[in-house]
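S.K.: The structure's right below; bear with me while I get my questions together.
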Amino acid sequence: MKRFIRRAGAFFAENIILLAILSAVSVCVLVLAYFDGAKVSPDSASYLRAAREILRGRGFYVHNPGGLWPEWFSVWPIGYPFMIAAISWLTGSEIYLASKILSILIIWIIGFTLYRRHGRTAWIYALLMLGAGFLSIFYYTWSETTFILGLILFSYWVSDILAQQPITVWPYAKLTFGVLLLFLSRYVGAFALVAIGILLLYNLVLFLRYKNKQARRRALYLTASGAVSGVVILSYLLVNRAMTGYLTGSPREPIEDAGALLKNLFDAQMSEIKNVFQVFFNVESNAVALVMWGLLAAFAIFFAYKAVKARDKAAITPLTFIAIGLMYWCSIVAMRFSAKFDAFNYRLLFPSSILIFLGCIGLFLRVRPAKTLPRRFDRVASLLMAAVLFFLIVTTQAAPSLGKIAEGRAWGYRQWKQSIRNTYEDIPDGSVVLWGEWGLLYLRENVDIGPVKANVPDVDAFFAQYQVFDHVYLYTPGLRQGMDGSLQGNPSLLAYFEQFRGAEEKFIIIR
């Protein structure tokens with residue numbers, strides 16, 4: 001026991017800055033997303049509804065099969081809702097709180113993974129958690145949380161295979177798990193099969209050209225890993241198609257304006273470096289951001305060239321992170337240019353950014369390794385720095401909310417949930433609410449919200465979508481806020497709903 005206490009004390013002393021970062025980010029997630037806020041987007045509500053149905057034993061069905069209509073959960077993979085349901089079941093917590101517990105658990109898994117790989121310098125890598133992209137993603141209930149964890153683990157496991165001597169089965173089993181974790185978090189995670197394919201081709205070339213027996217063994221294991229992952233992924237997609245008619249649950253609409261999308265990509269990519277460096281300073285313009293991206297690329301290319309030329313095996317891990325980050329970036333950009341979905345933003349691009357920056361930090365520390373200060377001074381300095389970091393993170397992110405909580409003025413998730421329930425308590429089961437609030441997706445089992453879109457020819461076709469419901473209600477505050485945007489390009493629908501814009505009633509039954 002004494003030995004354990006001494007080891008724990010030594011670990012705490014040597015990693016106090018890392019622990020301060022992880023603790024501060026965890027506090028911010030709880031404060032800003034539960035006690036004084038409710039980070040529920042449309043996607044979040046869908047994940048929570050799926051988690052609710054899993055807990056009730058209904059599997060992939062996101063409506064009660066005996067109720068309105070059974071709808072197969074397929075627009076997103078099931079992995080993230082399943083993890084929320086598992087945490088809720090294990091802890092007995094409400095599903096939204098379970099999603100926040102899951103986010104905090106992932107933060108700490110990432111932190112301890114960095115520690116295991118980089119030791120006392122792990123806190124330098126963990127500074128990326130303070131960027132706007134990372135914090136925003138972890139405040140919300142989004143599958144990007146598990147996806148980012150999967151990317152980091154997968155990158156480490158790929159680098160292990162590249163550096164492994166002798167060759168064993170276990171790293172390839174982890175690689176398979178990594179592919180499935182990525183895919184079951186987001187469909188784009190299937191890009192990891194490309195990484196396995198590139199590794200396989202490389203080892204096949206080594207074997208065929210130089211008769212390298214180790215390369216042959218690696219190729220066999222990679223083939224097995226890719227085959228198992230590929231079969232699971234293909235089976236999952238084919239089940240989706242059998243249940244919904246589409247591999248990923250919905251038809252893919254072509255993009256409308258490639259030029260506008262390209263500009264959107266440029267602006268979003270410039271914002272990525274602004275979000276990362278906001279930890280240290282604000283980047284005011286795209287021009288400065290572009291210069292910073294250029295300098296970062298030049299740095300990475302130069303030191304990657306030096307590392308490859310010197311056969312520096314220690315550079316394998318950071319180079320792997322950069323390579324997989326670029327592979328993901330190419331995959332998500334190609335997907336977005338081939339089909340219409342969310343605009344480019346930090347949700348789509350930050351997963352590549354965090355890998356690229358982790359890789360660049362690794363390259364930098366290969367060139368300028370962190371110096372070890374005298375032990376006693378080191379601990380005092382670390383303690384002071386950890387205290388300052390914790391204070392700065394919490395005060396800059398959560399101080400106003402902490403003040404509200406102390407004064408009893410906080411408006412957190414519980415208040416938000418009660419407000420939703422009170423607002424819609426008179427809406428009967430079997431109804432759909434147009435422009436209703438997203439919380440209805442999982443807070444009321446037999447009341448739904450309507451997908452108000454303009455891609456129908458007329459008013460009759462619009463209401464034909466809702467024949468299965470007993471009543472169609474209109475939520476007028478939501479209509480006033482979202483009607484112009486959601487019905488843009490359909491004059492007949494705009495004209496029909498315009499008559500309700502000035503209504504005093506909060507709810508209007510229109511069918």
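The values are calculated or read from the model by the stated rules, or taken from the named source; none is laboratory data. From a predicted model like this one, the values you see are computed outputs, not experimental measurements. With ideal geometry, Cβ positions are generated from the backbone for all residues, glycine too; neighbour counts draw on all protein chains shown.
S.K.: What are the residues in region 343-360 that are outside any helix (DSSP H, G or I) and of a type in the set (A, V, I, L, M, F, W, C), if any?
M.R.: Within region 343-360, A343, F344 meet the criteria.
S.K.: Given the criteria of a type in the set (G, A, S), in contact with a Leu (Cβ under 8 Å, 6 or more places away or on another chain) and surrounded by 18 or more Cβ atoms within 10 Å (Cβ to Cβ), does S155 qualify?
M.R.: Here the answer is yes, as S155 does meet what is asked.
S.K.: Hey, can you tell me all the residues within region 85-103 that are under 26 Å from V432 (Cα atoms) and free of Cβ contacts under 8 Å to residues at least 60 places away in the same chain?
M.R.: A85, E94
S.K.: Taking the conditions exactly as written (within 27 Å of R336 (Cβ to Cβ), of a type in the set (A, V, I, L, M, F, W, C) and either touching a strand residue (DSSP E or B) at 6+ places or on another chain (Cβ under 6 Å) or part of a helix (DSSP H, G or I) (or both)), does F207 satisfy them or not?
M.R.: When the stated conditions are applied, F207 does not pass them.
Results for (1) under 27 Å from R49 (Cα atoms); (2) not charged (D, E, K, R), shown as yes or no for each residue.
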| residue | (1), (2) |
| --- | --- |
| Y140 | yes, yes |
| G178 | yes, yes |
| G189 | yes, yes |
| V194 | no, yes |
| N203 | no, yes |
| R209 | no, no |
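S.K.: Of A307, A315, A289, which residue is within 22 Å of A192 (Cα to Cα) and of a type outside the set (K, R)?
M.R.: A315
S.K.: Filter region 298-314 down to the residues that are part of a helix (DSSP H, G or I), more than 31 Å from the chain's Cα centre (by Cα) and of a type in the set (D, E, K, R), then identify the one that is farthest from F357 (Cα to Cα).
M.R.: Among those residues, the one meeting the criterion is K309.
S.K.: Kindly indicate whether any position in region 299-321 is surrounded by 14 or more Cβ atoms within 10 Å (Cβ to Cβ) and more than 24 Å from A163 (Cβ to Cβ).
M.R.: No: region 299-321 contains no residue that is surrounded by 14 or more Cβ atoms within 10 Å (Cβ to Cβ) and more than 24 Å from A163 (Cβ to Cβ).
S.K.: What's the total number of residues in region 429-448 that are assigned to a strand (DSSP E or B) and either at pLDDT below 85 or over 19 Å from R501 (Cβ atoms) (or both)?
M.R.: 4
S.K.: Return only the number of the condition from (1) in contact with a helix residue (DSSP H, G or I) (Cβ under 8 Å, 6 or more places away or on another chain); (2) over 27 Å from A50 (Cβ atoms); (3) surrounded by 15 or more Cβ atoms within 10 Å (Cβ to Cβ) that A503 does not satisfy.
M.R.: Every condition holds for A503 apart from (3).
S.K.: Which helices (runs of 4 or more DSSP H) does region 98-195 wholly contain that include 1 or more residues that are modelled with pLDDT of 95 or more and either of a type in the set (K, R) or at positive phi (or both)?
M.R.: The helices (runs of 4 or more DSSP H) meeting that bar are 170-185.
S.K.: Still on this structure: Could you please find all residues in region 220-237 being loosely packed, with under 13 Cβ neighbours inside 10 Å and closer than 24 Å to D342 by Cα?
M.R.: None - no residue of region 220-237 is loosely packed, with under 13 Cβ neighbours inside 10 Å and closer than 24 Å to D342 by Cα, so the list stays empty.
S.K.: Any residue at all in region 124-136 that is surrounded by fewer than 21 Cβ atoms within 10 Å (Cβ to Cβ), over 14 Å from S23 (Cα atoms) and under 13 Å from the mean Cα position of the chain (by Cα)?
M.R.: Checked against the condition, which is being surrounded by fewer than 21 Cβ atoms within 10 Å (Cβ to Cβ), over 14 Å from S23 (Cα atoms) and under 13 Å from the mean Cα position of the chain (by Cα), region 124-136 yields at least one hit.
S.K.: State which residue is surrounded by the most Cβ atoms within 10 Å (Cβ to Cβ) when the search covers only region 410-428 and only residues that are assigned to a loop (DSSP other than H, G, I, E, B) and touching a helix residue (DSSP H, G or I) at 6+ places or on another chain (Cβ under 7 Å).
M.R.: Ranking the qualifying residues of region 410-428, first place goes to Y424.
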